[in-house]
Structures are given as structure tokens and as C-alpha cells.
Amino acid sequence: MNFPKFKAATVQTSPVFLNVEKTIDKAVSFIKEASQNGAQLIAFPEVFVAGYPYWNWIMTPVQGSKWYEQLYKNSVAITDAAMQPLFQAAKDNNIHIVIGINERGTSFGEIYNTNLIIDNKGVLIGKHRKLVPTWAEKLTWSSGDGSSLKVYNTEIGPIGTLACGENTNTLARFTLLTQGELIHIANYISLPVAPPDYDMAEAIKIRACAHSFEGKLFTIVSCSTISQEIKDALRTDVPNVDAILTRKSSAFSGFIGPNGAVMGTPLIDDEGIIYADIDLEKCIQPKQMHDILGHYNRFDIFDLRVNTAPTRNITFIDNHQDFNKK
């Protein structure tokens, strides 16, 4: 049996706001840097391509409508030409990529918060659509479905991913664990508009540590930041945007080991890229103590069923044709 060892990278930065091409260029520059430093996996923030709908939190829905339109115009489909440099960068740099995008749906009112999993051959091996948009996000994103709750086997090990708040969903996390997940990518956005007693960076760390400790695996966290460019763009509608979107301890990026402890020094609020050495063999001993996928569970008592069927918005039935068949 193979127990891969590799270096991973995680990025904490902001996109080029509502600009797909320039954000992809920025991602590629980080990919090249990570590869040059020996990384075989790089994680990017939630909806990094090409921005988060902060207007949902600081404007009325009517005020935010024009911003939704801009976001839709700068959402992407997997097949868009603008996305191809990302796949090529994975291949050219022999690196696996997990990155968040605003995925354009088939309807003008349909955008998904989607994580892409790209292997080191430049092949899109999977994508996960956020199951439930969080709080004010419901003004922007459509809900994903169970078809994307998957773990993907790669040269460096089995990878799963969840976006932001859904990392609190115990059943979603357990669904990934049961499929053999050993590398979990949890990506987030900086959220300075959280309630005053809510420490976003600490909350992100707690969620990551909980998943790693429960599942005895590695969690890689990537969180975005809010650039001055983003605040300046929103200032026309919210003059005091700097005060609203500037708050310490709003972003956390880093690595959590299978013992539930933070590895190395994480990034809190600061932009940058950091690295950690991942050794999947270190997942074995902790599972001897508490393996909730095996000996430390009672599947004769607990029965989790997951609907993995893709959601369909219509089903066509030709009753006349069925009648003739009879």
C-alpha cells in the first residue's frame, strides 16, 4: 500500500475583483511559485474566481442587484476559454489545484459556489457545489446537490473539499470521510461583517481542527482577504465601507494534522502563501484509537443515507409514446 508524502501550499489573498482573466493570471503566478518551492498541491480561497458578494451583507437587496449582475457577467463555465490557463498551469507545473469559482448556471439567475479539483495532468477530476449558501449568500447562489459530495483519488492521495460554512455540516463531512478522504480542502472568505462576538479566524480554525481530529486526516485551509480595490469598488454605494469591511482576525489559512493540531504558523489576516509537509502515514496511528469509519462506530445503530442524484429542474415524459408501447 502506498502512503504518499508531499509538500502542500495554501494561499491567502484577494482576487482581482470581478475580473476573471486577471484573477486567473494571479492564480497562475501563485501556482508557479508553489511548484518552484516543491509543492504538489495548492489550495485557493472560496469563489476566488472572481469575487465574493459582500454587497449582500452591507446593502439592501435592491442596491445589490446591479452587483449581482456584474458577478453573473464575471462568473465562469468550466469550458470557458478564460479557464484554460488554469488547467494548463496544473499540467505545466505538475501540481494539483483546488480553487473556488463562481460557476455560471444555465439560467441568468443561477450561480453556484463551486470548488474545482484539478489534477497534476491539468484534468478537471471533480467539482463540488456548495450545498447551502450561508445566510445572506442566499441572495446570490443556488444550492448544490449530493452528486458532488465525492472524494477524488489522486497521485498524492484522496482529496475532498467543502466550502466555508458547510464545513460545519457534520453529515456532509462524514460523507466525505466514509469515501476514504485523507486530504480535506476547506476554503473560506474573510468575513469582517460577522457579529461582534464572532471571531472568524478562530471559527475557521475550530472547524478545521474538528474535522481533522474526528477523521484523523489533514485539513488544508485557504481563506481570501478583502483588498482595498474591493472596498473602493463598493464605496459608491456604501461610503463607510472601510469601517465595515476592516476588522482584525477575519481570515485564517493554514494546515491541520490528523491529531487536530495546527501545523506550523498559520496566516491570520496577512496575505501570502505558506507550506507544509504532508505524510499520509501519520493518519494510521490516530485511527487505531478512534476510527469512526470502522471499529469506533456502530453501523447497526446508525444509518446515514445520502441522495447523490443530480437535481433536475424538469423531467420530460411522452405519455402518448408510453401508451403506444403498451
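The values are calculated or read from the model by the stated rules, or taken from the named source; none is laboratory data. Computed from a prediction, not measured in an experiment: that's the story for all the values here. Note: ideal-geometry Cβ built from the backbone for every residue, glycine included; neighbour counts use all protein chains shown. In case anyone asks, the SASA skips ligands and DNA or RNA and just uses the protein heavy atoms, side chains included. Shrake-Rupley method; radii C 1.70, N 1.55, O 1.52, S 1.80 Å.
Of all residues in region 196-237, those being surrounded by 18 or more Cβ atoms within 10 Å (Cβ to Cβ) and more than 23 Å from PRO266 (Cβ to Cβ) number 3.
For region 149-165, taking the residues that are among the polar types (S, T, N, Q) and open to solvent by 10 Å² or more (accessible area, probe 1.4 Å), the one that is farthest from ASN94 (Cα to Cα) is identified as ASN153. Determine whether VAL241 is open to solvent by less than 20 Å² (accessible area, probe 1.4 Å), farther than 30 Å from GLN179 by Cα and in contact (Cβ under 8 Å) with a residue 60 or more places away in the chain. For VAL241, the condition - open to solvent by less than 20 Å² (accessible area, probe 1.4 Å), farther than 30 Å from GLN179 by Cα and in contact (Cβ under 8 Å) with a residue 60 or more places away in the chain - is met. Would it be correct to say that PHE6 is touching a strand residue (DSSP E or B) at 6+ places or on another chain (Cβ under 6 Å) and either modelled with pLDDT of 95 or more or in a helix (DSSP H, G or I) (or both)? It is true that PHE6 is touching a strand residue (DSSP E or B) at 6+ places or on another chain (Cβ under 6 Å) and either modelled with pLDDT of 95 or more or in a helix (DSSP H, G or I) (or both).
Being of a type in the set (Gly, Ala, Ser) and open to solvent by 10 Å² or more (accessible area, probe 1.4 Å) is the filter here, so list the residues in region 244-269 that pass it.
Scanning region 244-269 gives SER249, GLY260, ALA261, GLY264.
Would you check if ILE278 is open to solvent by 70 Å² or more (accessible area, probe 1.4 Å), touching a strand residue (DSSP E or B) at 6+ places or on another chain (Cβ under 6 Å) and in contact (Cβ under 8 Å) with a residue 60 or more places away in the chain? Answer is no for this residue. Within region 168-189, which residues are open to solvent by 10 Å² or more (accessible area, probe 1.4 Å) and touching a residue at least 12 places away in the same chain (Cβ under 8 Å)? Within region 168-189, THR168, ASN169, LEU171, ARG173, PHE174, THR175, THR178, GLN179, GLY180, LEU182 meet the criteria.
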